[in-house]
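Down below is the structure, laid out as structure tokens.
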Amino acid sequence: MLFEVRCPVCGASGAAPCDRCARRLKAAPALPTPKDVDGCVAALSYTGAGRELVARLKYRNARVSVPGLADAIAALVDPATVDVVTWAPTSAVRRRERGFDQARLLARAVARRLHRPCRALLKRSPGPPQTGRPKRDRVNGPNFTATRKAPKRVLLIDDVITTGATVSAAARALRSAGASEIRAAAAARTPLKATEALSDAAGDG
Ligand SMILES: [Zn+2]
């Protein structure tokens, strides 16, 4: 073995996540589709083991969990509804800190599974990252601009959907660039109660 695979949740060696932690994962909460998107699916609830799994992808570069999360996201999407896969880019500051963009990693892996192209279509305007901002600021979401003309049907990938403000803002930018059907798909979604009590460790929106 080139490297040992460890469970990102509990650290046990063998699989990411291990069987025990996989059994503790909960399905995403049934919540309304965020504004300005035509559909929204998420694989997991951003709580407990699911939160550990996805948060570690975000903060600790646990790329080992990308294939499993991409499998789970792709299983929720009908490829016939997708012309192109893109992602809601993280802020340049965060990307520099981490050295990667977790939403881009997921988008590329999901696109491979759906046999659809993955394209960078969005740029995030400079500004503070959503994490840690008060909720009243987060509701408006970050600003995105499209970097090129968007195909008609776009699958927008994010790692965590919290308030939905990020995917809504990204969808508006895609629509102004020519997209007419925008579906969001995420690794995890925060249950409403947890969304209301937003903590600094929660997702980007
Ligand atoms: Zn485990």
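Say whether the condition of being modelled with pLDDT of 95 or more and assigned to a loop (DSSP other than H, G, I, E, B) is met by at least one residue in region 193-203. So far as region 193-203 goes, no, none of its residues is modelled with pLDDT of 95 or more and assigned to a loop (DSSP other than H, G, I, E, B).
Annotation note: Cβ proximity below 8 Å between a residue of region 103-127 that is under 22 Å from R56 (Cα atoms) and a residue that is assigned to a helix (DSSP H, G or I) and open to solvent by 30 Å² or more (accessible area, probe 1.4 Å) (sequence gap 6+ or interchain) occurs for L105/R63; A109/P67. In this structure, does V77 turn out to be closer than 18 Å to R189 by Cα and either within 16 Å of the ligand (Cβ to nearest atom) or of a type in the set (A, V, I, L, M) (or both)? Against the criterion (closer than 18 Å to R189 by Cα and either within 16 Å of the ligand (Cβ to nearest atom) or of a type in the set (A, V, I, L, M) (or both)), V77 qualifies.
Could you tell me whether S13 is open to solvent by 20 Å² or more (accessible area, probe 1.4 Å) and of a type in the set (S, T, N, Q)? Yes.
With a requirement of 3 or more residues that are at pLDDT below 95 and of a type in the set (D, E, K, R), the helices (runs of 4 or more DSSP H) lying completely within region 48-161 that satisfy it span 48-59, 92-98, 135-138.
Among the candidates A88, A15, A27, the residue that is without any contact (Cβ under 8 Å) to a residue 40 or more places away in the chain and either within 12 Å of the ligand (Cβ to nearest atom) or closer than 24 Å to R172 by Cα (or both) is uniquely A15.
The values are calculated or read from the model by the stated rules, or taken from the named source; none is laboratory data. Keep in mind the model is a prediction, meaning the values are calculated, not measured. Here the Cβ is made from the backbone with ideal geometry for all residues, glycine too, and neighbour counts use every protein chain on show. With ligands, DNA and RNA removed, areas are computed over all heavy atoms of the protein, side chains included. Shrake-Rupley method; radii C 1.70, N 1.55, O 1.52, S 1.80 Å.
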